[in-house]
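Written out below as structure tokens is the structure these notes cover.
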Amino acid sequence: MGELSGKNLPAWCLRVWRWSFALGAVFALLAALRDFTAYRGGGSKLTLGYWVAGELMVFAFWSFFAPLILLVMKRFPIGRAGWLRSSSVHLAFYCALAGLYTVHYWATDRILAPERTGALSKSFEWTFYVAASGAMVKYYAPILVGGYIAIYYGRLREQELRTATLATELAQAQLRALKMQLQPHFLFNTLHSISTLVHTNAKGADRMIAQLSDLLRAALNADAVEFVSLRQELDLAEKYLAIEQTRFSDRLAVQFDIAPEAMEIPVPYLILQPIVENAVRHGISKNVGRGTIAVQARADDDRLRVTITDNGPGIAESSGRIREGVGLKNTRARLEQAYAEGFELKLTRAGERGTAVELVVPSRTGQERSAGEATLHRWQQIEQIPEIPKGA
């Protein structure tokens, strides 16, 4: 039923009347058919029209006062606390309403059967008894019960909405916590790389610091972002690889093979960076000669498939379950939060040498996702990252 105020009271009354008059009309027709059939069997000559008109007038009266009854119910709910006071108020209000109903009842008979209806003053007590004795059970109580059902249903809906909101906030908090773990992890690894260059390649260390500042600026600008386009995610990965290229010099080559239709598909923010970082740390850094990291992305059958391959030593097939570090653990946890079970993250050997990580996620756009399960997360454009000068 919701909260009422002076502004929304007319709309609320119209909403109640829409239901009360519609249901009242149905019940009036059923009651008229019942009474017509019963009295006709007893020899009554009253027509069906008389019974229909009379029942419609009766139900119209209680339908009209239904909003007022519900307002009294909201103001004086019958519960464990203060039930005696609330019951007394309802009884007094019903007696007043029954008096009006008595006049209405008499007026209806006066119009439909004037020859059978006397003066109100002579029959008020009898009419009041007849009209009011059954109205409590037939009309007043059902309206109260309907009101309590509406309140219970409304509270149930509010509770479900509150539960969904809390689940949304929890999922977002967990994603932010995972991202906060990931960013320091990446930062510390990069600072460690810089420290190795300070004494051997000062200019390279300076370039790496500048590149790191550009990447961190993007991370700070996107603090509340959960989803970005694949184009922007690849841009972040490219900036990170530029940092590593400064560290490895000509020992690291990077190849991108991205299908145009995949560029605008939304993906969780910073989802590729830990995968690329693992390819550098566990693949390229173990190579004696030149290393290559290849990033490929394709969109097909409502799925986005991203594969990141390196030509490092590769993982051992006999090692059993692959041990995942902080980066991959957080990546899997974030994917579970974002897609539940609707994703794939595979770590396999890439031929005789090298490792391939394949990531498969739904390829629906952000607008389509907002109508489904991804309403829990925000998807927006982050500030453009400054370009790193070529040859840096």
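Bear in mind these aren't lab numbers, they're just calculated from the coordinates by the rules spelled out. What you see is a predicted model; the values in this text were computed from it and never measured. All Cβ positions, even for glycine, are placed from backbone atoms using ideal geometry, and neighbour counts span all protein chains on display.
List of remarks:
- More than 22 Å apart - percent of Cα-Cα pairs taken over the stretch 9-163: 50 percent
- Which of TYR129, TYR240 has the fewest Cβ neighbours within 10 Å, and the rest in rising order: TYR129, TYR240
- Placing +1 on the Cβ of every Lys and Arg and -1 on the Cβ of every Asp and Glu, with nothing else charged, gives the stretch 4-162 a dipole about its Cα centre of roughly 440 debye.
- Computed from the Cβ-Cβ distance with R0 of 41 Å, the FRET efficiency linking VAL254 to LYS329 stands at 0.95.
- For GLY312, the residues 5 or more places off, or on other chains, whose built amide H falls under 5 Å of its own are GLY354, THR355.
- Multiplying the residue separation of GLU160 and SER44 by 0.36 nm and removing their Cα-Cα distance gives an extension gain of 36.3 nm.
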